[in-house]
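See below for the structure under consideration.
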Amino acid sequence: MYELIKKDGLAKRGRLHTVHGVIETPVFMNVGTAAAIKGAVATTDLQEIKTQVELSNTYHLHVRPGDEVVKKLGGLHKFMNWDKPILTDSGGFQVFSLAGLRRIKEEGVYFNSHIDGHKIFMGPEESMRIQSNLASTIAMAFDECPSSVADREYIEKSVARTTRWLVRCKKEMERLNSLPDTINKHQMLFGINQGGVYEDIRIKHADEISKLDLDGYAVGGLAVGESHEEMYRILDAVVPHLPDHKPTYLMGVGTPVNILEAVDRGVDFFDCVYPSRNGRHGHVYTNHGKLNLFNAKFELDDRPIEEGCQCPTCRNYSRAYIRHLLKAKEMLGMRLCVLHNLYFYNTMMEEIRDAIDHDCYKEYKERKIAAVTGKNE
């Protein structure tokens, strides 16, 4: 159940009650595609860096180690040693990202595995069954994420099929949650709004899927090639057409600035690979702009990544040491950067919630954008 605590403008301060605990929103979900955060980050680390929700990928876990294997081992929570909420995406994004390895039909999508080329079929029912085997807290509906440059006719047909798939997902999820051998009989289902950069298609689709009274609603198909301005325009148009009393999730977004702008438009769930991916390349976020720790100027810098930061990296290690690790290609260097970046994102979400609680979100947003872009220096 989602509890809308208050609003500051369009910014929402909420609380989602789940079988695996309460999620305070707005929230950033830390991405662990194959049931692990890239960069040698353990679930015990996630507890320390204030992670509320971990996100894993249905397609990737179906391919390896296999969702049946995970079910036999008690579901993702036991498999990963993680007792807080997990969201699994549906495999729908792979319909976009593996475009050269798939064929889309009404019944579902035929893939060739990106690992060994073997044939895989995934439709709405298969996606729900895989996610039920994984026993995640929140399952995402199976959809097609069309290219941002697809033409109007293609997107209209794609969105209509995504709606039909969503109805099938809901029916199958209800069936699975009623079975005696289902691990998580309280698995939630979020639907996904699509429509490319066409406002009218997006709005019509949002109105249609809102009638299904799902546990939450996502805006998908953004951050796939369109400009930030186009993304904000679509959010301005579509978010008011999604239920205010349900969580709104912007999939795959994004930078700190993207998140700050989207919160201001009523979004309260986020995920993105940026903090971990950038961290693995020595790029770290601070309230004075982003730093590249490979730079020679940090060779003798004995300060932490950010003064005052309470992440495990900044409490214990210097920029100079981390730079040495990165240059020496020691995995610890990547790990320390990823830990810092995820802590930075999770802490920013705490600050966002606090600002909404105190009716000062607009002021906070302006200050934070100036800070993370380095414009207050």
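Taken together, GLY196, GLY216 contain a single residue that is open to solvent by less than 10 Å² (accessible area, probe 1.4 Å) and within 25 Å of ARG15 (Cα to Cα), which is GLY216. Of the candidates GLY108, GLY123, the single residue that is surrounded by 15 or more Cβ atoms within 10 Å (Cβ to Cβ) and on the phi > 0 side of the Ramachandran plot is GLY108.
Does at least one position in region 295-311 carry a residue that is open to solvent by less than 40 Å² (accessible area, probe 1.4 Å), part of a loop (DSSP other than H, G, I, E, B) and touching a residue at least 60 places away in the same chain (Cβ under 8 Å)? There is at least one residue in region 295-311 that is open to solvent by less than 40 Å² (accessible area, probe 1.4 Å), part of a loop (DSSP other than H, G, I, E, B) and touching a residue at least 60 places away in the same chain (Cβ under 8 Å).
Taking region 7-24 as the range and being open to solvent by 30 Å² or more (accessible area, probe 1.4 Å) and at negative phi as the test, the residues that pass are LYS7, LEU10, ARG15, HIS17, VAL19, HIS20, VAL22, GLU24.
The set of residues in region 42-61 that are surrounded by 22 or more Cβ atoms within 10 Å (Cβ to Cβ) and at pLDDT 95 or above comprises LEU46, ILE49, THR51, VAL53, GLU54, LEU55, SER56, LEU61. For region 234-246, the count of residues that are out of contact with any helix residue (DSSP H, G or I) (no Cβ under 9 Å at 6 or more places or on another chain) and on the phi > 0 side of the Ramachandran plot is zero.
For region 357-373, a tally of residues being open to solvent by 40 Å² or more (accessible area, probe 1.4 Å) and either part of a helix (DSSP H, G or I) or within 22 Å of GLU24 (Cα to Cα) (or both) returns 8. Quick check, is ASP354 out of contact with any Leu (no Cβ under 7 Å at 6 or more places or on another chain), outside any loop (DSSP other than H, G, I, E, B) and open to solvent by 10 Å² or more (accessible area, probe 1.4 Å)? When the stated conditions are applied, ASP354 passes them.
Residues in region 82-101: is at least one of a type in the set (A, V, I, L, M), crowded, with 22+ Cβ neighbours inside 10 Å and either in contact with a Pro (Cβ under 6 Å, 6 or more places away or on another chain) or modelled with pLDDT under 95 (or both)?
Looking through region 82-101, at least one residue is of a type in the set (A, V, I, L, M), crowded, with 22+ Cβ neighbours inside 10 Å and either in contact with a Pro (Cβ under 6 Å, 6 or more places away or on another chain) or modelled with pLDDT under 95 (or both).
The residue of region 25-41 that is nearest to MET334 (Cα to Cα), among those that are polar (S, T, N, Q) and buried (at least 22 other Cβ atoms within 10 Å of the Cβ), is ASN30. Taken as a whole, the condition of being over 28 Å from VAL70 (Cα atoms), in contact with an Asp or Glu (Cβ under 8 Å, 6 or more places away or on another chain) and in a loop (DSSP other than H, G, I, E, B) does not apply to SER158.
For beta carbons closer than 6 Å, sequence separation of 6+ or different chains, a first residue in region 109-126 that is at pLDDT 90 or above and a second that is of a type in the set (Phe, Trp, Tyr) and part of a loop (DSSP other than H, G, I, E, B), the qualifying pairs are PRO124/PHE142.
The values are calculated or read from the model by the stated rules, or taken from the named source; none is laboratory data. Quick caveat, the model's predicted, so the values are computed rather than measured. As a convention, Cβ positions derive from the backbone with ideal geometry for all residues, glycine included, and neighbour counts pool all protein chains shown. Protein only, heavy atoms only, side chains kept; ligands, DNA and RNA dropped before computing areas. Shrake-Rupley method; radii C 1.70, N 1.55, O 1.52, S 1.80 Å.
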